[in-house]
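A.B. asks: Sharing a structure below in structure tokens format, with a few things to ask.
All of the numbers you see were taken from the coordinates with simple rules; none came from a lab. Here the structure is a predicted model, which means the values were calculated and not measured. Here the Cβ is made from the backbone with ideal geometry for all residues, glycine too, and neighbour counts use every protein chain on show.
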Amino acid sequence: MQYRRLGSSGLHISALSFGSWVTFHTQVDGTLAKQLMTTAYEAGVNFFDNAEVYARGQSELIMGSVLEELGWGRDTYLVSSKVYWGGDRPTQKGLSRKHIHDACHAALKRLRVDYLDLFFCHRPDLECPIEETVRAMNDLIRQGKVLYWGTSEWTAEQIVEAAGIARALGLQGPTMEQPQYNMLVREKVELEYHRLYETVGLGTTIWSPLASGILTGKYSKGIPDDSRLALPDYKFLRDQLETEKGRERVATAERLGEVADELGVSLPKLALAWCLKNPHVSTVILGASRLSQLEENLAALEVVDQLTDEVMERIEAVLGNKPQLPSRF
Ligand code: NDP
């Protein structure tokens, strides 16, 4: 395993980490979760990602029971939660001091830990002043219930505002952002946050590195019955595939498969290695519904060295979506 600093913080996070969205509770029960987490941990993964909204708390319950059962030293791993979608009532959602406080305490109970290493604001809350959120996160840090806080899918402007408020008030600002990043979705990580890696010292824990599985090539002949896009509750992902853009994505994955073949590696490994190649990525969060997928994906680090300038150019030619910084001429 390789370890990277989480932005400018002193925290060393494994370059590959493991998350439970969609999978835990829906596809993965407690027994398989234990096998998956053990395999990840034994491969050097030290970060396990979760959120209050995943399977409406069931995902954290499963992870918490596995953590308790396995009894790893609390100083050997990082676990996260995210706050935003806690329930239907007005006090159960968003980023108010009230919901941040309640969500943190509920996650601690479900995950059976005394503190969260990372706590994310799962989306920006346009109906809550950012200062209220910064103060609430800082309080949890002061109380020892959270170590680092961050954002997910915030705009650069919102992150800069939070960092500025924290700096002005002598509070702890956001350490990391959790954006989607993969060969098909690049804008935020490569363009929008461009300056924040230096100015804010932003770390990134990136999600859906395989675009929910599209970048494995598994959707080239339709939707397999045992795949994520066939799950009844994930119609929105299925619908996306049926648009023109979705079909283009599948075609791109097929062309990337040819590059992977030439290199003698699998497409999932190539797609994950491509994410790892970006130095602004602190950790790539893996998702897996079965052990064989996780084992394959954990080997992606071996492929990074094969991504020479020439290979990266070849991939770029297939993708044709490199975000462009404004030209100075
Ligand atoms: P991916 O894009 O890597 O998708 C993972 C899924 O792809 C698996 O569950 C599996 O689905 C399929 N897959 C994975 N590896 C293989 C393989 N080698 N061969 C074939 N199929 C494979 O990641 P996720 O979308 O799961 O995201 C990873 C993590 O990121 C989440 O668990 C969560 O922690 C975080 N996340 C955060 C979000 C946020 O808003 N902050 C949003 C989404 C995710 P299947 O077998 O069912 O087809």
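A.B. asks: Which whole-Hz ³J(HN,Hα) couplings does the stretch 7-16 yield from phi under the Karplus relation 6.51 cos²θ - 1.76 cosθ + 1.60, θ = phi - 60°, glycine and proline marked x?
C.D. replies: Each residue's phi maps through the Karplus curve to give x, 8, 6, x, 7, 9, 10, 5, 4, 10 Hz.
A.B. asks: With only alpha-carbon pairs counted, each pair once and no self-pairs, how large is the Kirkwood hydrodynamic radius of the stretch 1-155 in angstroms?
C.D. replies: That comes to 15.8 Å for the stretch 1-155.
A.B. asks: Another question, if that's okay. From the Cα gyration tensor of the stretch 71-163, with a ≥ b ≥ c the square roots of its eigenvalues, which class applies: rounded if a/c is under 1.5, or else prolate if a/b is larger than b/c, or else oblate?
C.D. replies: Here the stretch 71-163 falls in the prolate category.
A.B. asks: Something else: For the chain, what does the relative contact order come out to in percent, with C-alpha contacts under 8 Å and a separation of six or more?
C.D. replies: 18 percent
A.B. asks: Which angle from 0 to 90°, rounded to the nearest 10, does the C-alpha axis of helix 309-319 make with the longest principal axis of the chain?
C.D. replies: Compared with the principal axis, the helix lies near 90 degrees.
A.B. asks: Now a separate question. Highest mean first, how do 105-111, 268-274, 17-23 rank when packing is the count of other Cβ atoms within 10 Å averaged over residues?
C.D. replies: 268-274, 17-23, 105-111
A.B. asks: Place a +1 charge on the Cβ of each Lys and Arg in the chain and a -1 charge on the Cβ of each Asp and Glu, then give the dipole magnitude about the Cα centre in debye, rounded to the nearest 20.
C.D. replies: Using Cβ point charges on Lys, Arg, Asp and Glu, the chain gives about 660 debye.
A.B. asks: Give the residue list of GluC sites (Glu not before Pro) in the stretch 122-168 that are DSSP loop and have at most 14 other beta-carbon atoms within 10 angstrom.
C.D. replies: Passing sites in the stretch 122-168 are GLU127.
A.B. asks: If you don't mind, another one. Under the rule of at least 5 residues apart or a separate chain, name every residue whose amide H is placed under 5 Å from the amide H of TYR3.
C.D. replies: ALA15
A.B. asks: Work out how far the C-alpha atoms of the chain reach from end to end along every principal axis, then list the three figures in whole Å, largest first.
C.D. replies: Over the chain, Cα extents along the principal axes are 57, 53, 36 Å.
A.B. asks: Dipole of the stretch 217-314 (Lys/Arg Cβ +1, Asp/Glu Cβ -1, origin at the Cα centre): which of PRO232, ALA300, VAL265 lies farthest to the positive side?
C.D. replies: PRO232
A.B. asks: Right, something else. Quote the relative contact order of the stretch 185-314 in percent (integer), defining contacts as alpha-carbon pairs under 8 Å separated by 6+ residues.
C.D. replies: For the stretch 185-314, the relative contact order is 30 percent.
A.B. asks: If eta is 1.306 mPa s and T is 10 °C, what Stokes-Einstein diffusion coefficient results for the stretch 118-198, Kirkwood Rh from Cα pairs, in µm²/s?
C.D. replies: D = 122 µm²/s.
A.B. asks: Pick from MET312, MET137, MET37 the residue whose mean-square fluctuation is largest in a GNM of the chain, springs joining Cα atoms under 10 Å.
C.D. replies: Per the Cα network of the chain with a 10 Å cutoff, MET312 tops the list.
A.B. asks: Would you be so kind as to identify which of PHE48, ILE100, GLY73 lies farthest towards the positive end of the dipole of the stretch 10-105, taking Lys and Arg as +1 and Asp and Glu as -1 on Cβ and the Cα centre as origin?
C.D. replies: About the Cα centre, the residue reaching furthest to the positive side is ILE100.
A.B. asks: Report, to the nearest 10°, how far helix 130-142 tilts away from the longest principal axis of the Cα atoms in the chain, using its own Cα long axis and a range of 0 to 90°.
C.D. replies: It is inclined by approximately 80 degrees.
A.B. asks: Under the Kirkwood approximation for Rh and a Cα-based Rg, what ratio Rg/Rh is obtained for the stretch 1-72?
C.D. replies: Ratio value, two decimals: 1.00.
A.B. asks: Any idea what the relative contact order of the stretch 141-259 is, in percent, if you count C-alpha pairs under 8 Å spaced at least 6 apart?
C.D. replies: 19 percent
A.B. asks: Taking other Cβ within 10 Å of each residue's Cβ, how do MET1, MET176 sort, fewest first?
C.D. replies: In increasing order of surrounding Cβ atoms, one gets MET1, MET176.
A.B. asks: Can you pull the three principal axis extents for the Cα set of the stretch 185-233, in Å, largest first?
C.D. replies: So the three principal-axis extents are 46, 20, 13 Å.
A.B. asks: Give the angle, between 0 and 90 degrees and rounded to the nearest 10, that separates the Cα long axis of helix 58-70 from the longest principal axis of the Cα atoms of the chain.
C.D. replies: 90 degrees
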